[in-house]
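Reviewing the structure listed below.
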Amino acid sequence: MHSCRPVAADAVVISGDRVLLIQRAAYPFKGRLALPGGHLAAGETLEECAAREVLEEAGIRVSPKRIIGVYSRPGRDPRGTVSVAFYCTAKRPHLHPGSDAAGALWVPLSRAIRMRLAFDHSSILKDALHQLRYVHRVGARPHRKAQEHGGEGKGIGNNAR
């Protein structure tokens, strides 16, 4: 017998040379910085989930543009969650942090890629920057496992709405 794992969507939202991060308000990783994201609700698509979570956590509307990758390594989240990460664009980058996060902030990409974010979000951010060709601008390198094995961070398509 096997059990199913929960599914979530994470969002990499970049505005100029900054990335949106939230401060987690609850377990796991309470108080740590992370990409906005959360669990898929009944009746919504993963793209809708990513947009909803950014709105709830940071108070901005975004449009998911492309899948960065599927992140399923056991242990990436103590709750067993599998995440689909999206690159999203912000309609207006003025933050209005919501109740789902302790705070939201824009962090320079050059600083964010050196931070130890919650979950495996540092790897997701590096994978996104590599795919989006920010590598030379901020010095990011793709997540080593994805680079060597075409695994965790390898995008599966460009079919996001």
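Which pairs have Cβ atoms under 8 Å, sit 6 or more apart or on different chains, and link a residue in the stretch 7-29 that is more than 15 Å from L105 (Cβ to Cβ) to one that is surrounded by fewer than 16 Cβ atoms within 10 Å (Cβ to Cβ)?
Going by the 8 Å Cβ cut-off, the qualifying pairs are V7/H39; A8/H39; P28/P78; P28/R79.
What are the residues in the stretch 34-55 that are more than 15 Å from R76 (Cα to Cα) and in contact with a strand residue (DSSP E or B) (Cβ under 6 Å, 6 or more places away or on another chain), if any?
Those that are more than 15 Å from R76 (Cα to Cα) and in contact with a strand residue (DSSP E or B) (Cβ under 6 Å, 6 or more places away or on another chain): P36, L40, L46, E47, C49, A50, A51, E53, V54.
Hey, can you tell me all the residues within the stretch 5-58 that are farther than 22 Å from K91 by Cβ, of a type in the set (K, R) and open to solvent by 40 Å² or more (accessible area, probe 1.4 Å)?
Matches in the stretch 5-58: R5, K30, R32.
In this structure, is K65 modelled with pLDDT of 95 or more, in contact with a Lys or Arg (Cβ under 9 Å, 6 or more places away or on another chain) and open to solvent by 10 Å² or more (accessible area, probe 1.4 Å)?
Working: modelled with pLDDT of 95 or more: yes; in contact with a Lys or Arg (Cβ under 9 Å, 6 or more places away or on another chain): yes; open to solvent by 10 Å² or more (accessible area, probe 1.4 Å): yes.
So K65 fits the description; yes.
Determine if the stretch 92-105 includes at least one residue that is modelled with pLDDT under 95, open to solvent by 20 Å² or more (accessible area, probe 1.4 Å) and not in a loop (DSSP other than H, G, I, E, B).
yes
The values are calculated or read from the model by the stated rules, or taken from the named source; none is laboratory data. Because the structure is predicted, anything quoted here is derived from the model rather than measured. Quick reminder, even Gly has a Cβ in these numbers, built from the backbone with ideal geometry, and neighbours come from all protein chains shown. These area figures cover heavy atoms from the full protein model, side chains too; ligands, DNA and RNA do not enter into them. Shrake-Rupley method; radii C 1.70, N 1.55, O 1.52, S 1.80 Å.
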